[in-house]
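What follows draws every value from the coordinates through simple rules; no lab data is involved. Note that the structure is predicted; figures quoted are calculated from it, not measured. As a convention, Cβ positions derive from the backbone with ideal geometry for all residues, glycine included, and neighbour counts pool all protein chains shown.
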Amino acid sequence: MISAGRSVLKLEDTIVAISSAPGRGAVALVRLSGPDAFKIAAKHLGLWPPESRVTHLCDVFDGDQRLDQALITLFPGPNSFTGDDTVEFSTHGGYLIPSTIVAALISSGARQASAGEFTRRAVLNGKLDILQAEAIGDLIDAQSHVMQRTALDQLDGGLSRRLLSLRNDLIGLEALIAYDVDFPEEDDGPIPRERIDQAVEGITSSLEALLATASAGEVIRDGAIVVIAGPPNVGKSSLFNALLGRSRAIVTEIPGTTRDALEAVIDTGKWPLRLVDTAGLRETKDRIERLGIEVSERYLAGAHVVLACAEDSSSLEGTISLVSHNSTAPILAVRTKADLVSTGDHYTLSEDVISVSAETGSGLQELLAAIDDSLDTRHGEIVPDLPVLTRARHSKAIRTAHSELEGFKQAWREEKLPATIAAVHLRTAVYALEELIGAVEVEDVLDRVFSSFCVGK
């Protein structure tokens, strides 16, 4: 497992932090963990809990001063989250009470925990691997149901097990090469080249299947950018508000009301969507409106899906043409203000045009379904329980392993290098997977992983 040799965070320290969000609330959580956790906690409890893993009501003191009446739970190591002895204080909420308890515990020998240090200790003590630790951060930051499910699957070890299986397959392939080199005259004869070829192809296919999830994983993690675009005063902001379910954008009959991009996240249950209301696209001499249009064009360039909006069928074609100059994303043609559409115009609409009304709500579900379908086509459908690569670090490691395997395949089939030299590619691929999981010493990886964690987790 990972060594803490280069880390400035000492495992022999007992650490403490408030693990709940700051602010006014009913309950706060103070976590104390480390070799001296029980010894330090005992100095501040009026009654020592008689049982572990059972919550007990205890008075908490700082000398003779009672700080709070809290619920105390003991978690003896190694069967705790961090692997060390841990004490959790469920105190009354607010700023003062948990802060004074932390200060008292620090005065008795604990140290203020750094960001992510509890989870980091869980990794260093072998309770979690790095992928599971990342999943905890993703679970905390999740803004959609699909991100929640993906993070829980990763926390359960789904991706880790898949990568460990691939690592074992690569090591098995290394063993075949070594056997063929070291024991070429054994009774069984040399290893059939077809067997090695099949093993290489199987591992390559598995790595490619994982890489294929990276695009979906990026959208799951960050949300799909869905830009509402079109000329001024065609109902873009009204559509934005209707999809959001509340009034966020200012809506008036004056063209050019929206001068900047407004962004909000909605959860359709399938893909998380970062819905963006943009300034109307048109030629203008107004300097401020021009700046807003430039912002719109930047969002269009980075969009995953664009909703090209217009009031009637005759102007939709022009809107789509205008949008396509600024975006390579799939474009959905949206006829807004369907409640005002004339009968004649209604029948001229193409089947590919989605007709919606922000006023009545008609067509909104069809529009959301069309957005989901477009994302499915572009990024692949989300398959429950299938491991997904959600971070650039994941994709980089898998690409490295895949590239090394391709290097081995070429050297093996062309027989330009001795098998022992070609097998170096396999060892590098194994190392890439081990670094991803955290089975090798990579302190810089730990620093990057936990730099975004909150204190107390």
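Let me know the shape class of the range 15-129, please: from the alpha-carbon gyration tensor, a ≥ b ≥ c as square roots of the eigenvalues, rounded when a/c is under 1.5, otherwise prolate if a/b is greater than b/c, or oblate. Prolate is the answer for the range 15-129, as a/c is 1.5 or above and a/b outweighs b/c. Taking amide H as placed 1.01 Å from N in the peptide plane, the amide H of ASP62 sits under 5 Å from that of LEU67, each at least 5 places away or on another chain. Near GLY46: Cβ cut-off under 15 Å, other residues only, Lys/Arg at +1 and Asp/Glu at -1. The net charge is -2. Straight-line cross-link partners of LYS270 among the lysines, defined as a Cα under 24 Å from its Cα and at least 8 positions apart when in the same chain: LYS236. Could you please report the charge total around ASN326, scoring K, R as +1 and D, E as -1 over all other residues with beta-carbon less than 10 angstrom from its beta-carbon? With Lys, Arg at +1 and Asp, Glu at -1, the neighbours total 0.
Evaluating 6.51 cos²θ - 1.76 cosθ + 1.60 at θ = phi - 60° for every residue in the range 168-173, the Karplus couplings come out as 5, 5, 5, 5, x, 5 Hz, glycine and proline recorded as x. Quick one: of LYS10/LYS127; LYS10/LYS396; LYS10/LYS39, which pairs are farther than 24 Å apart, Cα to Cα? Cα-Cα > 24 Å for LYS10/LYS396; rest within.
Once C-alpha pairs closer than 8 Å and six or more residues apart are averaged by separation and normalised to the residue number of the range 15-129, the relative contact order reads 32 percent. Evaluating 6.51 cos²θ - 1.76 cosθ + 1.60 at θ = phi - 60° for every residue in the range 30-40, the Karplus couplings come out as 10, 10, 10, 8, x, x, 9, 4, 5, 5, 5 Hz, glycine and proline recorded as x. Under 5 Å from the amide H of THR268 lie the amide H atoms of LEU273, each residue being 5 or more positions distant or on a separate chain, with H modelled from the backbone and absent for Pro and chain starts. For CYS58, CYS309, the sequence from fewest to most other C-beta atoms within 10 Å is CYS58, CYS309. Within the shell of other residues whose beta carbon sits under 11 angstrom from the beta carbon of ILE18, the net charge comes to +2, with Lys and Arg scored +1 and Asp and Glu -1.
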